[in-house]
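The values are calculated or read from the model by the stated rules, or taken from the named source; none is laboratory data. Just so you know, these numbers come straight off a predicted model, no measurement behind them. Using ideal geometry, Cβ is built from the backbone for each residue, glycine included, and neighbour counts are taken over all protein chains shown.
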Amino acid sequence: MKYISVAVDGPAGAGKSTISKNVAAQLGFVYIDTGAMYRAAALYAINNGIDIKKEADILIDRLDDIKIEMKNIDGSHHVYLCGEDVSEIIRREDVSAGASSVAVIPEVREKLVAMQKKMAERDNVIMDGRDICSHVLPNAQVKIFLTASSEERARRRYKELLEKGVECDFETIKSDMEVRDKNDSSRAVSPLRVAEDATVVDTTGLDFEQSVRKIRELVENVL
Ligand code: CDP
């Protein structure tokens, strides 16, 4: 039986995960947050005192110890690192920055991409990230590049953190996001790019419901 794959790429804060999660729930697809896997790898480095930028070789030596699992429990998405549920901790800003640094290490990408491909072989999936359309699921039936202006993306991330009770500063979030965008777009391995065959959806000025409807329509076209 052939499963349907929906690939969603885009920069930080474009709304990929909230929108993808919602569309997945409406259509009965499994949502896979690949960013959470890079975040978990970064958390492993932080927890083990490994300086990601200077000690990539140590991280590569320990790749087999970085045990990452993803589980959907009652519709909510959980990420485990070495058996521990780290779904909340990986949202910390230092982990965000660390994720963008581990994501340039080819050996880390190779390991995570192999896991991601396997996940798409056993379910209808909506998978979001940076390299899904081009590398992870090049045969996906639906490919979307989701974006929004950097001002709007920083505003959304700020609001999201405030709602979670995390103390934060708008200007810091905006500049951190710009650094991460630059890292993600300029790195040598799998940089963030609009894949040739992806549909660009710009959600600047669209509210959540409108964005969800747009993505859902694109998926329903292939069902
Ligand atoms: O949620 P947000 O857009 O802030 O980021 P994320 O999707 O959780 O991803 C965190 C970091 O992981 C990104 O800044 C990328 O550097 C990296 N990443 C990647 O390189 N490839 C992916 N498929 C997903 C994330």
When you check residue 7 against the structure, is it assigned to a strand (DSSP E or B), touching a Ser or Thr at 6+ places or on another chain (Cβ under 9 Å) and buried (at least 17 other Cβ atoms within 10 Å of the Cβ), yes or no? yes
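Out of all the residues in segment 131-161, which are more than 21 Å from residue 205 (Cα to Cα) and surrounded by fewer than 20 Cβ atoms within 10 Å (Cβ to Cβ)?
Initial filter on segment 131-161 (more than 21 Å from residue 205 (Cα to Cα)): 131-143.
Within segment 131-161, 135, 138, 139, 141 qualify.
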Under 20 Å from residue 15 (Cβ atoms), surrounded by 13 or more Cβ atoms within 10 Å (Cβ to Cβ) and in contact with a helix residue (DSSP H, G or I) (Cβ under 8 Å, 6 or more places away or on another chain): which single residue out of 202, 184 fits that description? 184
Within segment 48-70, is even one residue in contact with an Asp or Glu (Cβ under 8 Å, 6 or more places away or on another chain) and farther than 16 Å from residue 104 by Cα? yes
When you check residue 83 against the structure, is it touching a residue at least 12 places away in the same chain (Cβ under 8 Å) and closer than 24 Å to residue 176 by Cα, yes or no? no
Limited to segment 85-105, what total is found for residues that are of a type outside the set (Gly, Ala, Ser) and either loosely packed, with under 14 Cβ neighbours inside 10 Å or touching a strand residue (DSSP E or B) at 6+ places or on another chain (Cβ under 7 Å) (or both)? 5
Could you list all residues from segment 17-34 that are touching an Asp or Glu at 6+ places or on another chain (Cβ under 7 Å), modelled with pLDDT of 95 or more, under 22 Å from residue 98 (Cβ atoms) and not acidic (Asp, Glu)? 34
